[in-house]
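All of the numbers you see were taken from the coordinates with simple rules; none came from a lab. Given the structure is predicted, the values throughout are model-derived calculations rather than measurements. When we count neighbours, we look across all protein chains shown, and the Cβ atoms used for this are built from the backbone with ideal geometry, even at glycine.
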Amino acid sequence: MAFPNVACAGGVFPEMTGKMAVMIKKVGVIGSGQMGNGIAHVAALGGLEVVLNDVSADRLKSAMATINGNLSRQVSKKVITEDARKAALDRITSSDTMDGLADCDLVIESAVEKEEIKRKIFHDLCAVLKPEAIIASNTSSISITRLAASTDRPEKFIGIHFMNPVPLMELVELIRGIATDDATFDASKDFVTRLGKQIAVSEDFPAFIVNRILLPMINEAIYTLYEGVGNVEAIDMAMKLGAHHPMGPLELADFIGLDTCLSIMQVLHEGLADSKYRPCPLLVKYVEAGWLGRKTQRGFYDYRGEKPVPTR
């Protein structure tokens, strides 16, 4: 699948919606992991100044190397030019303190999928961020309304949920909280369009659209393994060859991260109070063991050798 060529320059100019239009020229991204560095990558290619924030200087250094590597891969595939790669890298700066985000027009939080951590981030961010700036969360499941209520600007808070891997996947979910105003929504739409992405607007219900459908399927695949209906290889082969899925559900769970899968299922189970969303006990056990998938080298597959080997 080709990466979209979205190199351009300038700012984002939403239409007037009764309030003053929001002009997005500088974007902050909190969290330099796989999602965060991907968001920084596409925003910089979209011609925006980017500040990538993380508490760890080592993680920031690793993230910049990853971005450079991914941009270089796009150059080798002739998706972007070498000049575009250099220009994108020049637009990205890094900061290990919140102060580096103070003059951003939009800040996107892309931290771990734990509500208490996100709330702490927003508390610290609001203390330094200019009052007219928009705050967004890349949460894959948590209530936007509830997160917005923990900030000093719920009307300027929105969910902007990118898919993984960000440079490759075409879709972004936009989720309004109950207080999100029209100017914030319009500015966010224009920002996402600027990055060459397609928008799906979701209501603020647990897990939104994609994960409301995808994660119960993955959870059911884990139940299928747990109950002995098939082994890891059989389940993944069945869905790849029988349903033409590009990845099997257990392989996909490892790619997403089993801790993230569990967090989303817990949000669904608690938020909708339906037993069909109960996380599979085997998923819980793997997370308790620290076998979280690719990022820890073990999940439903063991990635420590030359070729992934099923762990069950």
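Rank by packing, highest mean first: peptides 94-104, 236-246, 212-222, with packing defined as the count of other Cβ atoms within 10 Å averaged across residues. Mind dumping the intermediate values first?
Details: 94-104: 17.3, 236-246: 13.5, 212-222: 19.3.
My ranking of the peptides, most packed first, is 212-222, 94-104, 236-246.
Footprinting exposure proxy ranking of V22, V79, fewest other C-beta atoms within 10 angstrom first, gives V79, V22.
By other beta-carbon atoms within 10 Å, ranking V210, V172, V29 with the fewest at the front produces V210, V172, V29.
Under conditions of 10 °C and 1.306 mPa s, the chain yields 79 µm² s⁻¹ as its translational diffusion coefficient, taking Rh as the Kirkwood radius over Cα pairs in the Stokes-Einstein equation.
Extending 7 Å from Cα along the Cβ direction at T97 and again at M247 yields two label points whose distance is 3.8 nm.
Do the sum for the chain: with -39,500 (n - 2.57) for every DSSP H run of n ≥ 4, divided by all residues, what is the mean residue ellipticity at 222 nm, to the nearest 500 deg cm²/dmol? Could you put the intermediate results ahead of the total?
On the way: 11 runs with 132 residues, N = 312.
Calculated from helices alone, the mean residue ellipticity at 222 nm is -13000 deg cm²/dmol.
Once the C-beta distance of K285 and I178 is scaled by a Förster radius of 45 Å, the resulting FRET efficiency is 0.75 to the nearest 0.05. Dipole of the range 26-202 (Lys/Arg Cβ +1, Asp/Glu Cβ -1, origin at the Cα centre): which of G38, N70, S137 lies farthest to the positive side? So the residue we want is N70.
Give me log10 I(q)/I(0) at q = 0.14, 0.21, 0.27 Å⁻¹ for the range 117-198, Debye formula, one equal scatterer per alpha-carbon, no solvent. Relative scattering, expressed as log10 I(q)/I(0), comes to -0.45, -0.97, -1.32. Once C-alpha pairs closer than 8 Å and six or more residues apart are averaged by separation and normalised to the residue number of the chain, the relative contact order reads 14 percent.
Taking N as the number of residues in the range 206-312, what is its alpha-carbon radius of gyration divided by 2.2 N^0.38 Å? Write down the numbers at each step before the final one.
Numbers: Rg = 13.1 Å, N = 107, 2.2 N^0.38 = 13.0 Å.
It is 1.01.
I want to verify the translational diffusion coefficient of the range 50-116 in µm²/s; compute it with Stokes-Einstein, Rh as the Kirkwood radius over Cα pairs, at 37 °C and 0.692 mPa s. Rounded to a whole number, D works out at 245 µm²/s.
Distance between the pseudo-spin-label points of F255 and R73 (7 Å out from Cα toward the beta carbon): 1.1 nm. Note on the range 16-156: semi-axes of the ellipsoid equivalent to its C-alpha gyration tensor, largest first and rounded to whole Å, are 26, 18, 13.
Taking loop as defined by DSSP and a crowding limit of 14 other beta carbons within 10 Å, which GluC sites (Glu not before Pro) in the range 114-168 fit? Write down the numbers at each step before the final one.
On the way: sites: E115, E116, E132, E155; in loops: E132.
The qualifying sites are E132.
The H on the amide N of R298, modeled in the peptide plane, is under 5 Å from the matching H of L292, G293, Y303, each at least 5 residues off or on a different chain. A cut-off under 13 angstrom between Cβ atoms defines the neighbours of S32, and their net charge, with Lys, Arg +1 and Asp, Glu -1, is -2.
Close amide H partners of H245, meaning residues 5 or more places away or on another chain with modelled amide H under 5 Å apart, are K240.
Residue-wise HN-Hα couplings along the range 142-151, as the Karplus relation 6.51 cos²θ - 1.76 cosθ + 1.60 with θ = phi - 60° gives them from phi, are 7, 4, 5, 4, 5, 5, 4, 5, 8, 10 Hz; Gly and Pro carry x.
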